[in-house]
Amino acid sequence: MTRIIRTGGTLLAVTAAGLMLQGCLVGAVVGTAGAVVGGTVKATGAVVGAGVDAVTTSDEETRARREREQRDWEREQRRCEQRQRQGRDC
C-alpha cells in the first residue's frame, strides 16, 4: 500500500512539473512516466493525458500564431515603405 502511495506521489509530482513547464519534451516525459506507472495506478491516466495536452501546442494554435506573425510582418513592411516614400530610413 505504501508503494502505491509513493508511486502515485511521484507521478503527481512529475505531472505537476509538466504542467508548470512547456515543451514537447516535457509532454513526452510525462506521457512515458504515465505509461510506466499507469499499470499500478489506473485513475491517474486522465491526469497524465491532461498534462500532456496542457504542455503541447495544437495545430490550430500554431496556425494562429503564424498568421499573427505574418500580419505583423506585413504591417511593418507597409510602415517601412511609407517611411521610405517620405525620405526616412526604416
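The values are calculated or read from the model by the stated rules, or taken from the named source; none is laboratory data. Please read all numbers here as calculations on a predicted model, not as lab measurements. Positions of Cβ are backbone-derived with ideal geometry, glycine not excepted, and every protein chain shown enters the neighbour counts. When the accessible area is computed, the model is the full protein with side chains, heavy atoms only, and any ligands, DNA or RNA have been set aside. Shrake-Rupley method; radii C 1.70, N 1.55, O 1.52, S 1.80 Å.
For Arg71, are the conditions met, namely being surrounded by 10 or more Cβ atoms within 10 Å (Cβ to Cβ) and at pLDDT 80 or above?
Numbers: surrounded by 10 or more Cβ atoms within 10 Å (Cβ to Cβ): yes; at pLDDT 80 or above: yes.
In short, yes.
Looking only at segment 75-90, filter to residues that are among the charged types (D, E, K, R) and in a helix (DSSP H, G or I); which one of those is most open to solvent (accessible area, probe 1.4 Å)?
Applying the first criterion (among the charged types (D, E, K, R)) to segment 75-90 yields 75-76, 78-79, 81, 83, 85, 88-89.
Narrowing the set further to residues that are in a helix (DSSP H, G or I) leaves 75-76, 78-79, 81, 83, 85.
On the way: Arg75: 92, Glu76: 83, Arg78: 131, Arg79: 118, Glu81: 97, Arg83: 59, Arg85: 179 Å².
Residue satisfying both the conditions and the ranking: Arg85.
The conditions are (1) modelled with pLDDT of 65 or more; (2) open to solvent by less than 80 Å² (accessible area, probe 1.4 Å), and Gly23 fails exactly one of them. Which is it?
Going through (1) modelled with pLDDT of 65 or more; (2) open to solvent by less than 80 Å² (accessible area, probe 1.4 Å) one by one, Gly23 breaks only (1).
Of all residues in segment 51-74, which are of a type outside the set (D, E, K, R) and part of a helix (DSSP H, G or I)? Walk me through how you get there before you give the answer.
Just the residues of segment 51-74 that are of a type outside the set (D, E, K, R), to begin with: 51-52, 54-58, 62, 64, 70, 73.
Listed by number, the residues that qualify are Gly51, Val52, Ala54, Val55, Thr62, Ala64, Gln70, Trp73.
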